[in-house]
Amino acid sequence: SKGRRESSDRDASDPTPPNPTGSPGSRGRRECESSGCVLVVVVALADAPPQVALRDGRLPSELVDLDRRDATLDWARRSIPGVVAFADDLEPVLAAEFTNGELPPYSLARVVVVPSAVPLFATEDAEWVSAVDVCGEDALAAAVALAKLGALAPGHGLVTDIRRFDWGGAGEPVTLPAPDVQTEDISAFETVAAAALAAQEELRFALRGMPDEPGDDGYFSRLSERVGAGPGIAEVPAHTRNDRRRGLDVAARQPFVETFHPPTTTYDGPPRAPAAPPEGFHPRGLADLLLESGRRLLTDWCQEHAAALVRAWDGGDGAPIAFRKPLILGQEYVVPEARGIVWDLRPDEAGFVHPLDYSQSPVSHLNLGYLVGELEAAEWPDRELLGFLRDGAQFKADVHLDCVLLPHLLSLANGLRRVDDGLKKLCDKGYYLVANALPFFPIRCAPSGSVERKHEPGRPRRIEDQGQPRRPLQSTAPGPTPNRQRRLNQPVVPLNVAIDIRGSGDDGAKWPKEEKPTAHQLARNAMILRSAAARSGTFVMSLTDDSSDFFNQIPLAPCEWWKTTAFWRSWSATASWMFLIALSVGFGISAASNVAQRFSGGIRFLILREMDRLEREFVAAFGLTPGERDWIDERKRLGFSGSDLWLWNSAVYTDDPVMIAVGVHRSCRFVRAARRVVLKLRLRLAQPAKRFLGIGVPWLGLHHLLAFGVLAIPADKRLRAIGDISRALARRLTRAEARSLLGLLAHLLPWANMDESTTRGLFVFGELGPQDLVNLMHRERLTAWKHRLAV
């Protein structure tokens with residue numbers, strides 16, 4: 001059977017029809033300009049059908065001598081991680097080394113390298129072909145045929161169920177199953193696709209011509225360059241292309257799902273300082289506050305830790321940080337007059353040190369007065385958030401006044417220099433304050449580590465483990481004292497344990513429930529908007545954006561500064577070590593996501609309100625299209641009002657917002673509304689590469705082609721999930737990886753009928769560290785997930 005589609009060598013956003021080359025009878029086949037290696041990964045997973053994955057792109061990223069077996073295999077080994085995430089110990093083989101076209105035995109996976117001596121082809125008339133058609137009558141090994149067919153499939157790197165292929169005998173053709181849709185359906189879809197691409201191009205043109213906001217220099221023009229940068233029409237599955245209006249009449253009668261409800265909270269103000277020093281006590285530094293034994297222990301710890309950091313720095317990335325000793329100093333080491341007080345050791349002009357001033361203003365670049373004022377005027381129910389914005393975010397963690405100095409994580413050695421560069425940038429932005437001497441007593445220094453970014457290898461990011469210590473630690477008293485037994489019975493409580501975010505939203509819990517939007521909610525709301533767009537002959541356009549260091553943009557209350565410092569090698573030639581004082585909420589704090597989601601919820605409210613104002617002004621001046629008016633009138637008759645009559649919608653997942661609107665010019669108004677709020681708030685956004693606009697955008701790790709009502713799992717996410725699940729079933733998954741997998745599966749719930757029980761209680765975490773292996777609780781649930789993603 002035959003069906004037309006766009007050539008894999010053409011830009012999927014190009015609305016021009018294919019222009020076949022070659023003489024009639026050439027079957028529209030066009031030889032690629034160059035050839036190279038093809039990786040075919042045949043993955044056999046326990047309790048699941050075998051899978052085939054093709055490398056994303058057919059050519060090696062560097063020159064490879066295909067005549068040399070060792071050079072070809074070496075390139076394949078380096079390329080394997082780009083195909084599958086669980087390829088730690090996979091060994092490639094050459095297709096030419098097969099016997100009678102049969103795959104050699106494999107346990108988990110087999111990587112097949114195909115030096116393409118026969119050029120790869122792409123079809124201009126887009127007909128489905130067999131392996132014989134591609135390879136000639138002398139059919140090559142099955143892996144070669146699969147690689148050739150993969151070059152013809154729409155998009156590379158997709159996973160395909162190997163059972164859908166007719167393997168036949170050695171040398172017989174490998175056939176690809178025929179598509180479900182007929183030629184006339186695809187032709188009709190191409191007409192709609194061309195209109196969608198034209199609307200997307202109109203969006204680009206409209207943004208380019210939009211006048212800037214005051215003080216803005218070419219933002220909208222730069223934004224226009226990101227139109228169409230997201231997923232495109234090629235990702236719309238063939239079986240969805242022949243029924244584009246399905247469900248729209250029903251959707252028009254449905255209410256929008258509100259993706260965020262601000263919690264109702266109270267706020268009593270920042271905590272008071274623990275105590276005041278006795279009258280007449282005027283210390284000038286640590287020597288007046290700490291016993292000599294405590295000062296000696298503290299100095300020795302700093303010198304030894306700093307020396308270990310310097311040795312690791314000189315040894316380069318990967319050199320171990322050979323220092324594993326924690327130090328806990330309780331109030332027993334403090335002179336009686338200074339006990340029960342958090343001391344700010346940064347002296348005043350007269351050289352005296354004082355208790356830390358809990359009432360001073362937090363440090364922030366944001367225009368928090370604007371945000372608080374607008375939310376106050378709107379009677380925002382989350383009073384605690386408003387208090388956090390005025391006074392700084394607070395942990396609500398009552399911890400002992402202990403000096404807790406913990407060694408860095410072993411993983412820091414893998415990215416010490418890059419983490420150092422990252423810290424300098426955060427300091428330059430005002431998120432950390434450098435102190436070349438101990439800034440507070442007591443003080444807490446959490447261990448830092450590094451972890452590779454999944455999509456940016458070689459650029460590890462810093463992590464902070466506020467769950468430490470994970471074994472009981474307590475202060476060793478400086479000598480016989482009545483307090484010794486009391487101290488030994490009160491081990492150090494990790495900051496995240498004291499924060500106690502678990503059970504948030506329950507009766508009596510410290511923290512309100514954290515409400516996150518889902519891909520399913522956005523898709524539902526987009527379907528409702530599509531019902532309006534269909535009546536107006538237009539499309540739903542989408543926009544995603546990202547903030548830069550979003551957690552770090554939330555200021556921290558001064559009462560928390562002593563709890564979140566970092567010990568580091570000094571950047572000054574006159575000192576050996578330094579302390580970095582966190583002035584904002586950072587990663588590693590268990591409550592950070594909760595506070596950030598509520599913060600972004602307030603920003604979203606202001607953007608939606610500004611969009612409503614702009615829309616009302618536009619409608620008053622120019623009116624609505626007949627289709628839009630008909631849609632609104634019908635919903636009014638059904639009893640809808642307020643935001644259920646809006647022709648736009650949005651959601652924000654922590655710092656990842658997505659905005660959708662009916663039509664090009666309404667989308668431009670939405671962009672302007674968001675830009676106005678961002679400028680007034682002085683919110684710092686991420687680099688332009690993180691922004692996507694048009695008929696399709698990535699969000700929450702999925703591809704949202706909302707103009708066509710399609711939600712797709714990218715191939716790399718699918719492979720990663722299958723790989724992580726396989727390692728979990730083999731009990732080879734760390735706590736950090738298991739957390740990441742649960743987060744990914746939460747976004748994939750639409751493929752499990754939104755059944756949250758499918759991800760509940762999969763692992764036992766307990767007090768495990770990030771790199772400890774987790775125990776699996778529900779093997780059958782994970783196996784079911786593997787089957788969902790494998791078919």
- Message: Just to check your reading of the model, which residue among ASP348, ASP300 is charged (D, E, K, R) and assigned to a helix (DSSP H, G or I)?
- Response: ASP300
- Working carefully through the options TRP568, TRP577, find the one that is touching a strand residue (DSSP E or B) at 6+ places or on another chain (Cβ under 8 Å) and either of a type in the set (Ser, Thr, Tyr) or open to solvent by 10 Å² or more (accessible area, probe 1.4 Å) (or both). TRP577
- Which residues, taken from segment 206-245, are more than 17 Å from LEU693 (Cα to Cα) and assigned to a helix (DSSP H, G or I)? ALA238, HIS239, THR240
- Note on the structure: For strands (runs of 3 or more DSSP E) lying entirely in segment 645-739, having 1 or more residues that are touching a Phe, Trp or Tyr at 6+ places or on another chain (Cβ under 8 Å) picks out 648-653, 656-662, 697-699
- Query: GLY601 passes all but one of (1) at pLDDT below 95; (2) within 22 Å of the chain's Cα centre (by Cα); which number fails?
  - Reply: (1)
- Task: Mind listing just one residue for me: the one in segment 272-327 that is within 27 Å of LEU409 (Cα to Cα) and of a type in the set (Phe, Trp, Tyr) and, of those, modelled with the lowest pLDDT?
- Result: PHE323
- Message: Please determine whether any residue of segment 654-666 is within 15 Å of ALA251 (Cα to Cα) and modelled with pLDDT of 95 or more.
- Response: yes
- Query: Taking HIS704 and the conditions (1) at pLDDT 90 or above; (2) surrounded by fewer than 21 Cβ atoms within 10 Å (Cβ to Cβ); (3) within 30 Å of SER224 (Cα to Cα), which numbered condition does it fall short on, given that it satisfies the others?
  - Reply: (2)
- Message: Yes or no: segment 609-628 includes at least one residue that is closer than 22 Å to LEU371 by Cα, surrounded by 15 or more Cβ atoms within 10 Å (Cβ to Cβ) and not acidic (Asp, Glu).
- Response: yes
- Task: Within segment 390-423, work out how many residues are modelled with pLDDT of 95 or more and farther than 30 Å from GLY294 by Cα.
- Result: 4
- Can ALA523 be described as modelled with pLDDT of 90 or more, farther than 30 Å from GLY769 by Cβ and of a type outside the set (S, T, N, Q)? yes
- Message: Give me the residue from segment 344-401 that is within 20 Å of ASN552 (Cα to Cα) and basic (Lys, Arg) and, out of that set, least open to solvent (accessible area, probe 1.4 Å).
- Response: LYS396
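The values are calculated or read from the model by the stated rules, or taken from the named source; none is laboratory data. Just so it is clear, the structure is predicted and the values come from calculations on it, not from any experiment. A quick note on method: Cβ atoms are made from the backbone with ideal geometry, for glycine too, and the neighbour counts reach across all protein chains shown. Ligands, DNA and RNA are stripped out before the accessible areas are found, and what is left, the full protein with its side chains, is counted by its heavy atoms. Shrake-Rupley method; radii C 1.70, N 1.55, O 1.52, S 1.80 Å.
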